[in-house]
Amino acid sequence: MDTLECIESLHRINYHNYHIIIVDNGSRNSSVSKILEAIREKAQIALFSKQEIEEERYDQEIIHKLQAAKSIILIRMDKNYGFAEGNNIAIRFALRIFRPKYILLLNNDVVVDENFLTELVKHMESDRKIGITGPKIYYYNFYGRRDIINFAGEDLIVWKGQGIRYGFNEIDKGQHDLIRNVDKIDGACMLIRSDVFRAIGLLDPDYFAYWEEVDFCYRASKKGYRIVYVPTGKVWHKVASSLGGTLSPIRVAYLTRNMILFVRKNAELYEKIKFMFYFFFFKIWIDSITYLIHNRKAFIYFIKGVKDGLTWRPYHH
C-alpha cells in the first residue's frame, strides 16, 4: 500500500522535528482503516473530518498531546477536492496548530531517503529568501531500475505553457548534482517556508490536479523568493499512479486545461499573444496527431481540455 510505505520511509529519516498530516481525499475503499491499524502502535494518532477542521471543533487536550509528540493527524474529506484543496486544508491546520517554520508537501506514492528532509531544511536555512526547496526525484521502479531520474528541477517558458524538465528519464551519473535556482519544484515533494503562504496565499484550487505547483512556484518567484533544487535530497516516486498513467484521458484533459489556465492567470499580455500563436498554429496540431496515433480517447479529452481552458471562469464562493 503506497501510503504505508511512504509513512514507513518517513519514520526512518534522520530529521526528527516533524508531524505527519495525512489527507484522505474522499477515498471509497478500506485504505483509512488499514492505515490506522498499521500505525496505531507507532505514533499518537488523531482523526478529524473536514468539517471539524474548518469549524475548529477539536478537543484542546488532544491538540496539546499532538503538539508535544511525534504525531499523525488523519483528515477525512467527504469527497475528492483535488490536489490543491486537499493540501490546503492540511496547510491551514498545520499553520494554526503547529505554527511550523516549514511545511512539506509529499505525495503518498513517494518513498524518501533518510537524509532528504535534513538536506532540504539545511539549504532552506542558508538564505531567508529561499522560499521553496525540492529534491532529486527518481522513478520508484523504471523497468527494475532505481537510478533513473524523473525530476532534477525545471525552468519555465511561460509563453509556450511548458517547462524545461532537467534529468527526465536519464540514468543518474552525477550530471544533475549541482544545487541551483529553478522556476519549479515538483509538487510530489516540496518544502515550503511558512512565510510564503502568508505572502502569496495557498495552492490555487481552480487547477484541481496538475499545474498547481507551477502556479504556486511562479507566484512565489514573483514575490522575490528563490526556488532551489537540492540534489542531495533524494526521493522515489511511483509516477502517475493517482490518475492512471501518463496517457490516461483524464490526465491529458487536466494537463491541457491547466496549462491554458496557468497562462491566462499569470502571463503578461505579450506572453499571452505569443502563446496563442504558438498553441493554435503549432502545438495543438502536434499534440492532436500524437494522441490520435497512440490513444484516440486521449485525443477527445485533449480537445475537452482545450475547450475547458479557454472557457474557464473563476469560482464564486
Do the conditions hold for VAL182, that is, is it farther than 23 Å from ALA94 by Cα, more than 18 Å from the chain's Cα centre (by Cα) and either assigned by TED's automatic domain parsing to the domain that holds PHE142 or touching a residue at least 12 places away in the same chain (Cβ under 8 Å) (or both)?
no
State whether one or more residues within the stretch 81-102 are within 18 Å of the chain's Cα centre (by Cα), aromatic (Phe, Trp, Tyr) and either closer than 25 Å to ARG251 by Cβ or not assigned by TED's automatic domain parsing to the domain that holds GLY131 (or both).
yes
Considering (1) crowded, with 16+ Cβ neighbours inside 10 Å; (2) touching a residue at least 24 places away in the same chain (Cβ under 8 Å), say which one GLU56 fails and leave the rest.
(1)
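Of the residues that make up the stretch 103-110, is at least one under 20 Å from ILE13 (Cα atoms), acidic (Asp, Glu), modelled with pLDDT of 85 or more and touching a His at 6+ places or on another chain (Cβ under 8 Å)? Even if it seems obvious, please write down each step before you answer.
Taking the stretch 103-110 and keeping what is under 20 Å from ILE13 (Cα atoms), we get 103-110.
Narrowing the set further to residues that are acidic (Asp, Glu) leaves 109.
Then drop every residue that is not modelled with pLDDT of 85 or more, which leaves 109.
From what's left, touching a His at 6+ places or on another chain (Cβ under 8 Å): 109.
Yes - at least one qualifying residue is present in the stretch 103-110.
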Checking ALA152 against (1) crowded, with 22+ Cβ neighbours inside 10 Å; (2) touching a His at 6+ places or on another chain (Cβ under 8 Å); (3) closer than 23 Å to TYR18 by Cβ, only one condition comes out false. Which one?
(3)
Among the residues of the stretch 129-169, the number that are more than 30 Å from MET1 (Cβ to Cβ), out of contact with any Gly (no Cβ under 8 Å at 6 or more places or on another chain) and in contact (Cβ under 8 Å) with a residue 60 or more places away in the chain is 7
Restricted to the stretch 271-310 and to residues being of a type in the set (S, T, N, Q) and modelled with pLDDT under 95, the residue surrounded by the most Cβ atoms within 10 Å (Cβ to Cβ) is ASN295
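Could you tell me which of the residues ARG92, ARG99 is among the charged types (D, E, K, R), outside any loop (DSSP other than H, G, I, E, B) and farther than 19 Å from TRP211 by Cα?
Numbers: ARG99 fails: outside any loop (DSSP other than H, G, I, E, B).
Every option except ARG92 fails the conditions.
Specify which of the listed residues (TYR225, TYR229, TYR254) is modelled with pLDDT under 95 and surrounded by 17 or more Cβ atoms within 10 Å (Cβ to Cβ). Even if it seems obvious, please write down each step before you answer.
On the way: TYR225 fails: modelled with pLDDT under 95; TYR229 fails: modelled with pLDDT under 95.
So the residue among TYR225, TYR229, TYR254 that is modelled with pLDDT under 95 and surrounded by 17 or more Cβ atoms within 10 Å (Cβ to Cβ) is TYR254.
The values are calculated or read from the model by the stated rules, or taken from the named source; none is laboratory data. Just so it is clear, the model here is predicted, and its values are computed rather than measured. Counting neighbours? That spans all protein chains shown, and the Cβs are built from the backbone with ideal geometry, glycine included.
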